[in-house]
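Each value in this text was obtained by applying a stated rule to the coordinates, not by laboratory testing. Since we're looking at a predicted model, the values are computed, not measured. Counting neighbours? That spans all protein chains shown, and the Cβs are built from the backbone with ideal geometry, glycine included.
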Amino acid sequence: MHLLLIGPPGSGKGTQAHKLSTLFDLEHISTGGLLRHNPNLTDEQKEIINSGNLIPDEMMLEIVKAKIHSTHKKGWILDGFPRTKNQATLLSSILDEKKITIIYLDVDKNELLERITGRISCQNCGTVYHKQTKPPIKNGVCDECGGHLEHRADDNQKTLTHRLETYYIHTEPVINYYKEKNLLHSVPSSNSHSIEEVFERIKKILKR
Ligand code: AP5
Ligand code: MG
């Protein structure tokens, strides 16, 4: 199974990718997570991320390619890639005829600020929480692995505004491109649809 989760910041890509990769034993390839955990990131690259801009396409492709080729799992989920038209083209060039399912998490943009500013995530296993709507049992500690929960440096109002602008300019055209090719499965993901409900919808799409 090869899956691609696409949507704006805070739409639930990481939340759903974590659940799906656990259920189907897939490699969860979060490009944002791989960047944040890369000890060799330069100050310039950290600044790109913390200001809400995009890392160059070629570097992202190398990161994704390395992960896809090194995994021993039977499939993968891409969370956060592709997010430019060029990345989408580069991805098709390395897919070797693999069938991919593309899920678009369709969320009310007015809900994103609250989701992003309340989010905390596990530094060890990547499980995502929210201080108000999905708190861990013990403050600052991951329910699943006991890892440390942290707030991301790019999760503030100023950076989110720019991350959203970047999303509208660079990533919406990717969504339209897949939509025009009839490859996009749109899943309602606003707060009125619980995390479990979104998960069930995606599972239904995968069963087709
Ligand atoms: P990345 O880490 O990919 O960030 P993002 O795309 O902005 O997405 P987020 O991780 O913020 O949100 P999410 O959709 O995963 O939501 P989550 O599940 O956590 O990228 C970070 C940066 O890295 C980029 O800005 C860029 O600089 C760089 N980068 C990464 N990939 C790149 C690429 N390909 N090219 C170039 N640069 C790249 O959920 C958020 C919150 O909402 C949580 O608290 C959760 O509990 C809550 N929630 C989720 N679902 C629901 C629901 N249904 N109802 C209520 N609450 C919900
Ligand atoms: Mg994420």
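In this simple spin-label model, placing a label point 7 Å from the Cα along the Cα-to-Cβ direction at both residue 134 and residue 108 gives a separation of 1.8 nm.
Relative protection proxy for 33-46, 139-152, from highest mean packing down: 139-152, 33-46 (other beta-carbon atoms within 10 angstrom). Neighbours of residue 190, meaning other residues whose beta-carbon lies under 11 angstrom from its beta-carbon, give a summed charge of -2 when Lys and Arg score +1 and Asp and Glu score -1. Per-peptide packing, taken as the mean over residues of other Cβ atoms within 10 Å, places 186-194, 24-32 in the sequence 24-32, 186-194 from highest down. Separation of the stretch 69-123 and the stretch 145-190 by C-alpha centroid, Å? Result: 9 Å between the Cα centres. Taking Lys and Arg as +1 and Asp and Glu as -1, the other residues whose beta-carbon sits under 11 Å from that of residue 33 total +3. In terms of the Cα gyration tensor, with a ≥ b ≥ c the square roots of its eigenvalues, is the chain rounded because a/c is under 1.5, prolate because a/b exceeds b/c, or oblate? Rounded shape, in that the Cα axes give a/c under 1.5. Extending 7 Å from the Cα toward the beta-carbon at both residue 42 and residue 99 defines two label points whose distance is 4.3 nm.
Pull out a ≥ b ≥ c, the square roots of the eigenvalues of the alpha-carbon gyration tensor of the stretch 112-208, then state rounded if a/c is under 1.5, prolate if not and a/b is larger than b/c, and oblate in the remaining case. Taking the square roots of the gyration eigenvalues as a ≥ b ≥ c, the stretch 112-208 is oblate. A rounded overall shape is assigned to the stretch 18-129, the ratio a/c of its alpha-carbon gyration tensor axes (a ≥ b ≥ c) being less than 1.5.
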